[in-house]
């Protein structure tokens, strides 16, 4: 299929019509046993990492730490930036282009049992088990990158 240079340029500059943009942040949290925190969303049942929208006036780091506490039930410390997950989804008939910034984090305190209503299940997984549990390919790629950063 042929794409005109103008249309391609519009897509590159982010001028896709009728698409809302959302920016979120989340954490790939490791405990002192080398296990990673993985969550199952209550509504769509997807397995991923704790993440959520960046509130007005909040940095991506602040949002990521907040979401790890809310959805994962734990307090963590940011060690490094891992990367981004970008995708399009539809909510109530509206297309939404979402960019999620993920940070590598170290567990400090708290319990996954203290998660909020947005998450149905939370647990610590060995990395190889987490790779099987995660729903999306992008999350598996981000976990592999987080492990490379963590293990130096």
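The values are calculated or read from the model by the stated rules, or taken from the named source; none is laboratory data. Every value quoted in this text rests on a predicted model; they were computed, and no experiment measured them. Every residue, glycine among them, receives a Cβ derived from its backbone with ideal geometry; neighbour counts consider all protein chains shown.
Summary of computed values
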quantity	calculated
Residue in region 20-38 that is surrounded by 11 or more Cβ atoms within 10 Å (Cβ to Cβ), at pLDDT below 95 and in contact with a helix residue (DSSP H, G or I) (Cβ under 8 Å, 6 or more places away or on another chain) present	no
Checking residue 83 against (1) under 15 Å from residue 37 (Cα atoms); (2) modelled with pLDDT of 95 or more, the condition it does not meet	(1)
